[in-house]
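Single-structure report; data block below.
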Amino acid sequence: MNAPASARAAPAASQAEKPGVDDAQFLRVERLTKRFGEVAAVDDVSISIAKGEIFALLGSSGCGKSTLLRMLAGFEAPTTGSIYLEGREISGLRPFERPINMMFQSYALFPHLSVWENVAFGLKRHRQPRDRIAAQVERMLALVQLKAFAQRKPHQLSGGQQQRVALARSLALEPRLLLLDEPLGALDRKLRAQTQFELHSIIKNVGVTCVLVTHDQEEAMTMADRIAVMSTGRLVQVGAPREIYETPTSRFVADFIGTVNLFDGLLVEDEVDHCVIQSAAGRFYIGHGITGVKGQRVTVALRPEKIEIGTQPPPRTDANCLQGRVVESAYFGATSLYRVVLGDGARLQVTVPNAQRHGEAISVGAQVYAWCNPDSLVVLVN
């Protein structure tokens, strides 16, 4: 759904760009806090977002991501802190005074209007000339590949097509900043996966800066240039999707993004090029140091797809090799999943690609070895 007409942005042409504004700080949030009574929904958040960037706020329900988005849109007033867009402080501006547009999960297309009229609605409310309205609507419909559906009503469209109409309406006024609140949440899983790529392509083609709120990890990983993982109103980690997944900085992020095996242990050796952690499950040799203290409690994180598994031992079993028994298995076509109970009772999850059509599966109850490369492990300081 788009923001109400009264909250829609003025056309970008009326928003003069400030000379000398750093594109890397196109949108800047400084120490932003929003309290509801004693509860801090957003707690002292600072972030800079580059011009043309798709930036995702990722977190579970209640983490503060939607409240942060609503403060950017002007629907919520910050308790403290500032918001700068192209160097201009906008925290005190009303929603319709900001060159920003927001699209919600429920698209709120006008059911009695055609697709063409829905896209034109905001332009008409801003009293744009008829020829500009017609040209802009045609351009937007071409962008979202819906020109052939211009005269249909929303109920005659699929969910994915309705989502693209809502996006076209949001982009028609050429906002400087586009805000998306769970934009694909109303779609089924298969359509959502397809639409992620379409939405990313459209936004990049337009070149608009975008802040996306989602609880869907796959959606954030597919669409965003950078992701901010949020928890209890704070930004826990900010980085590119690969960075967030491969090098989480905390146990929370490692456990929240994807699937991970976590082993608590003690640091027994720490050198520049490696460290060794002893856990109840086994001994881990990691291919880098952590500048820690011997005896320090740490956690080792290991992704399921980075583990090899077999009934025969690998060449080395003194480190990064765990032994156990397969208690569950599942075949997913592209991959197979094994759950292994280790000697200390902990459970290990292993994902194996089914590279061969007639590959041999490991049976439930089999005694197995599970091993990994030293560079596959991540050490998290507790």
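What follows is calculated from the coordinates using simple rules that are stated; it is not laboratory data. On a predicted model such as this, the values are computed, not experimentally measured, just so you know. All Cβ positions, glycine included, derive from the backbone under ideal geometry; neighbour counts span all protein chains shown.
Worth a mention:
- Ranked list, fewest to most other Cβ atoms within 10 Å of each Cβ, for ASP273, ASP255, ASP181: ASP273, ASP255, ASP181
- Ranked by the mean number of other Cβ atoms within 10 Å of their residues, highest first, the peptides 210-220, 121-131 fall in the order 210-220, 121-131.
- All-pairs Cα distance distribution in segment 134-287, expressed in whole percent, bin size 10 Å: 9, 30, 27, 15, 11, 6, 2, 0
- Ranking THR232, VAL165, THR249 by Cα position along the charge dipole of segment 151-253, where only Lys, Arg, Asp and Glu carry charges on their C-beta atoms, puts VAL165 farthest toward the positive end.
- Rg/Rh ratio calculated on Cα atoms of segment 155-218 (Kirkwood radius): 0.94
- Neighbourhood charge, 12 Å Cβ-Cβ cut-off, centred on GLU218 and excluding it, Lys, Arg +1 and Asp, Glu -1: 0
- On full extension, the segment bounded by GLN367 and GLU269 gains 32.3 nm, given 0.36 nm per residue less the C-alpha separation.
- In the chain, the calculated helix contribution to ellipticity at 222 nm averages -6500 deg cm²/dmol per residue, counting -39,500 (n - 2.57) for every DSSP H run with n ≥ 4.
- Cβ-placed point charges (K, R +1; D, E -1), dipole of segment 266-381 about Cα centre in debye, nearest 20: 320 debye
- Size-normalised alpha-carbon gyration radius of segment 259-381, reference 2.2 N^0.38 Å: 1.09
- Alpha carbon centroid spacing (whole Å) that separates segment 141-158 from segment 294-358: 48 Å
- In terms of Cα atoms, the Rg and Dmax of segment 57-166 work out to 16.8, 48 Å.
- Simple point charges give the picture: +1 on the Cβ of Lys and Arg, -1 on the Cβ of Asp and Glu, and for segment 5-246 a dipole about the Cα centre of about 920 debye.
- Semi-axes of the equivalent ellipsoid of the chain are 47, 26, 16 Å, computed as sqrt(5λ) over the eigenvalues of the C-alpha gyration tensor in descending order.
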